[in-house]
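Values quoted throughout were computed directly from the atomic coordinates according to the rules given, and no laboratory measurement underlies them. Values in this document were obtained by computation on a predicted structure and should not be read as measured data. Reconstructed Cβ throughout: ideal geometry from the backbone, glycine too, with neighbour counts over all protein chains shown.
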Amino acid sequence: MANNKSSKKRIQIAERNRLRNRTYKSALRTLMKRCFTACQAYSQQPGDEARVSVQSSMNAAFSKIDKAVKVGVLHRNTGANQKSRLSVAVKKVLEPAASPSQV
């Protein structure tokens, strides 16, 4: 247990930061899952509404990732990796694959 005032304060600050980081990470995971499920829904039933849903969910996830990196919750390489994963999934769904005859 902490013996002096400054170490007690550091424990309080660390706990506050841990809770804030946890909320950021939780929201981030939720938005990423939402984007992946929107991609899956679009691949099963393509349409304008589903396409808009995929785009908006990707934008929301990108925004949250950027904010988490800015605040210091995530390392910038981790944020870039997650954004890359999302964009690959979205591109795979939105852009039709070239058929072998066109290649």
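How would you rank M58, M1, going from fewest to most other Cβ atoms within 10 Å of each one's own Cβ?
M1, M58
Considering the values [x] 1.33; [y] 1.22; [z] 1.02, which represents Rg/Rh (Cα atoms, Kirkwood Rh) as calculated for the structure under consideration?
Only one option fits the structure, namely [y].
So what is the 222 nm mean residue ellipticity for the chain from helices alone, if each DSSP H run of at least 4 adds -39500 (n - 2.57) and you divide by all residues, rounding to the nearest 500 deg cm²/dmol?
That calculation yields -29000 deg cm²/dmol at 222 nm.
Just want to confirm a number: the relative contact order over segment 1-94, from Cα pairs under 8 angstrom separated by 6+ residues, in percent.
31
Report the Cα centroid-to-centroid distance between segment 5-35 and segment 37-62 in angstrom, as an integer.
So the two Cα centres are separated by 29 Å.
Just the Cα atoms of segment 56-96: what Rg and Dmax do they give in Å?
10.9, 37
Set the bar at 19 Å for Cα to Cα. Now go through K25/K91; K33/K83; K70/K92; K33/K91; K67/K92 and name every pair that lies beyond it. Don't skip to the end; give the middle numbers.
Working: K25/K91 24 Å; K33/K83 13 Å; K70/K92 28 Å; K33/K91 16 Å; K67/K92 26 Å.
Table pairs above 19 Å Cα-Cα are K25/K91; K70/K92; K67/K92.
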